[in-house]
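Student: Dropping the structure in here first, questions after.
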Amino acid sequence: MFALAVTPPKSPYDTIMARSRSKSHASTFMITGTDDWDTLDFGEIEKDLAARLSDNDVSAILVHVDAVRKVKRLKLTNCTNITGVGLIPLQFSTVIEQIDLSLVGMHQNPKLYPEPPISSELVLPILQSIINENRCALKHLEFPKVWREYNSADGTYGTAELTQFIEQYNEMTENRGPASCSKCNQTLVHPHHNIIDYDDEEQYYGTQNATCHQCMKYYCTNCTDEDNYLYLMFCHTCERSFCKECCTTRSGCGGCSNKFCPGCLPHNCANPHCMTEMCGYCYEEEYGPCQECNKSWCFPCWENDTIGAVKHCHTCRGERQCCRECSQKEGVNGVHRCVSCRSQSCEECLIIECHNGNNKCPSCLQLVNALLLKKIEQLTNRNRFLATQVETLKDLQPSLA
């Protein structure tokens, strides 16, 4: 161990293997609980270390632990440097039950920047070898987001090869025999319950249906909990499904009303009297943020004029957005909603529209008049300040000489 302390590891693989041999580092290694390699989760090591792993590193680890015969759950969390060829040691596995290729951890958006190099051309043949096995045990499969996105070239999601594989995966699960809902015991009828969705629908394409990401139990779309929510909930942020038993608390976004697992709602409404949580999209895009204070409000507060939530300029198509408090600050290009015509414009656009005769609303003209008088006052004060500075410099010239 002393040699390890004074000799830097040659690669991330060396670091991981050194830890696997050290009892003092067992808790920081990727295997939890035992040494039988039942679960291999790269999210259990430091993020920067996982991100530096190469395909050779991953391949060496899989060979070292005899993954083809021992690993039941594989999660490539944060392995954003691999193409996927390093998964070859998993070929023909009949024990693996879950493969998570999303490259992200729990409660994280699967959309990665920059796009990871993981290749469907390299990985799909490996997955194909697994599902072709008569004793295939695979129950849950999660693809990288980059594979599932919209293809503008042909107007579809994913690739033809991925869609073909999904169809074969669904056929494999059907050939096992009918699956039943773990709550009501109802049979999940194929094709209405495709285990992996391949319809051209954003977010859902390539995601696994009817299966909890955690316990991998099956659930139908009819079972609900005591709050009348579906027993199996699809989270619109991490794009995973969780049953009521594995995710006891469900949250609804105060903007879009979609359901989320609690860890995926990191934002709160800016109204201090409102406890509503919001998803990242609504917080960052739909209902804000204010370009001055960076705050966002939920939909009910956003609609309530008395709250003073962020407003978008309709004239410049939302390029300018500002809350009421910031709009009243001096020197800020605020956004105002007219109480008469209900138009919503930033100050610069409103002045231009009224000057060009495109807006003849008396209330808007009155506001423009007040804005122009304020600007004149600001310019007058500025000119007085500059004139004072000029006189001061003139008085200093003799002493400088």
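The values are calculated or read from the model by the stated rules, or taken from the named source; none is laboratory data. Quick caveat, the model's predicted, so the values are computed rather than measured. Cβ coordinates were reconstructed from backbone atoms using ideal geometry, including for glycine residues, and neighbour counts include every protein chain displayed. Surface accessibility is based on the protein's heavy atoms, side chains included, excluding ligands, DNA and RNA. Shrake-Rupley method; radii C 1.70, N 1.55, O 1.52, S 1.80 Å.
Student: Which percent of the accessible heavy-atom area of the chain goes to carbon and sulfur, probe 1.4 angstrom?
Tutor: Numbers: 10740 of 21720 Å².
Summing carbon and sulfur atoms, their accessible area is 49 percent of the total for the chain.
Student: Can you give the Kirkwood hydrodynamic radius of the range 134-180 from its Cα pairs, in Å with one decimal? Display every interim value, and only then the final one.
Tutor: Values: mean 1/r = 0.0809 Å⁻¹.
After inverting the pairwise mean of 1/r, the radius is 12.4 Å.
Student: Just to be sure I understand the model, the point goes 7 Å from the Cα along the line to the Cβ. What's the resulting Val332 to Ser257 distance in nm?
Tutor: If labels sit at Val332 and Ser257, their model points lie 3.1 nm apart.
Student: Using each residue's phi in the range 154-165, evaluate 6.51 cos²θ - 1.76 cosθ + 1.60 at θ = phi - 60° and report the 3J(HN,Hα) Karplus result to the nearest Hz, with x for Gly and Pro.
Tutor: Each residue's phi maps through the Karplus curve to give 10, x, 10, 9, x, 10, 4, 5, 5, 4, 4, 5 Hz.
Student: Round to a whole angstrom and tell me the spacing of the C-alpha centers of the range 240-255 and the range 316-371.
Tutor: Between the Cα centres of the range 240-255 and the range 316-371 lies a distance of 41 Å.
Student: Still on this structure: Which cross-chain or sequence-distant (5 or more) residues have an amide H under 5 Å from the amide H of Ser251, H modelled 1.01 Å from N in plane?
Tutor: Those lying under 5 Å, H to H, from Ser251 are Phe260.
Student: Using Cα pairs under 8 angstrom and six or more residues apart, how large is the relative contact order of the range 303-365, in percent?
Tutor: Values: 91 pairs, mean separation 16.2, N = 63.
For the range 303-365, the relative contact order is 26 percent.
Student: Could you go through the range 105-118 in sequence order and give the Karplus-derived ³J(HN,Hα) for each residue, using 6.51 cos²θ - 1.76 cosθ + 1.60 with θ = phi - 60°, rounded to whole Hz, and x for Gly and Pro?
Tutor: So the Karplus estimates, Gly and Pro as x, are x, 5, 6, 10, 5, x, 6, 10, 10, x, 4, x, x, 4 Hz.
Student: Tell me, what is the percent relative contact order of the chain, built from C-alpha pairs under 8 Å that lie six or more residues apart? The partial results should precede the final answer.
Tutor: Values: 667 pairs, mean separation 26.6, N = 401.
Reported as a whole number, the value is 7 percent.
Student: Further question: Excluding residues fewer than 8 places away in the same chain, name every one of the aspartates and glutamates whose C-alpha is closer than 14 Å to that of Lys183.
Tutor: The reachable aspartates and glutamates, counting only those whose Cα sits under 14 Å from Lys183, are Asp225, Glu226, Glu245.
Student: Next question. Under the 0.36 nm per residue contour assumption, what length would be gained going from the current alpha-carbon distance of Leu372 and His107 to full extension?
Tutor: On the way: separation 265, 0.36 × 265 = 95.40 nm, distance 4.90 nm.
Full extension of this stretch gives 90.5 nm more.
Student: Less than 18 Å apart at the alpha-carbon level, and either on another chain or at least 8 residues along: which lysines does that give for Lys295?
Tutor: Lys311, Lys329
Student: I'd like to check one number: the per residue accessible area of the range 255-401, probe 1.4 Å, reported in Å² as a whole number.
Tutor: Working: 9290 Å² over 147 residues.
So the range 255-401 comes to 63 Å² accessible per residue, rounded to a whole number.
Student: Could you please put Arg240, Arg337 in sequence from largest to smallest accessible area, using a 1.4 Å probe?
Tutor: On the way: Arg240 10, Arg337 75 Å².
From most exposed to least exposed: Arg337, Arg240.
Student: What 222 nm value per residue comes from the helices of the chain, counting each DSSP H run with n ≥ 4 as -39,500 (n - 2.57) and dividing by all residues, nearest 500 deg cm²/dmol? Intermediate results must be reported in sequence, preceding the final value.
Tutor: Numbers: 12 runs with 124 residues, N = 401.
Computed mean residue ellipticity for the chain: -9000 deg cm²/dmol.
Student: Less than 12 Å apart at the alpha-carbon level, and either on another chain or at least 8 residues along: which aspartates and glutamates does that give for Lys72?
Tutor: Partners within reach: Asp36, Asp38, Asp41, Glu97, Asp100.
Student: Now a separate question. If you take the alpha carbon radius of gyration of the chain and divide it by 2.2 N^0.38 Å, what ratio comes out, to two decimals?
Tutor: Working: Rg = 29.2 Å, N = 401, 2.2 N^0.38 = 21.5 Å.
After normalising by residue count via 2.2 N^0.38 Å, the value is 1.36.
Student: Based on Cβ point charges of +1 for Lys and Arg and -1 for Asp and Glu, what charge dipole magnitude is obtained for the chain about its Cα centre, in debye rounded to the nearest 20?
Tutor: Working: 37 positive and 49 negative charges, 197 e Å.
Charge dipole, the chain, about its Cα centre: 940 debye, nearest 20.
Student: Okay, next question. Roughly how many Å² of Lys329 are accessible to a 1.4 Å probe, to the nearest 10?
Tutor: In the full protein context, Lys329 sits at about 100 Å².
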